[in-house]
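Novice: First the structure, which I've put down as structure tokens, then a few questions once you've had a look.
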């Protein structure tokens, strides 16, 4: 996301998200975009962490076999 924003800025343009009233041409808009990106990244990492914990618990109970066609490690 930051690379895309940098590419847009390098071209002398800014991103406007009308539904959210965000304009990356302003300091407030740039901050909001970065905050939203950080929250999304955090959520993705939390989902992966919970998934890993669930798989570990299932493996401990002997109920996790892995995806079909793959060898469980």
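Values quoted throughout were computed directly from the atomic coordinates according to the rules given, and no laboratory measurement underlies them. Predicted, not measured: the structure shown is a model, and the values here were computed from it. Note that we place each Cβ from the backbone using ideal geometry, even for glycine, and neighbour counts take in every protein chain shown.
Novice: Which one of 54, 29 is free of Cβ contacts under 8 Å to residues at least 24 places away in the same chain, surrounded by 11 or more Cβ atoms within 10 Å (Cβ to Cβ) and touching a strand residue (DSSP E or B) at 6+ places or on another chain (Cβ under 8 Å)?
Specialist: 29
Novice: In region 1-53, what residues are closer than 30 Å to residue 65 by Cα and not in a helix (DSSP H, G or I)?
Specialist: Listed by number, the list is empty, since nothing qualifies.
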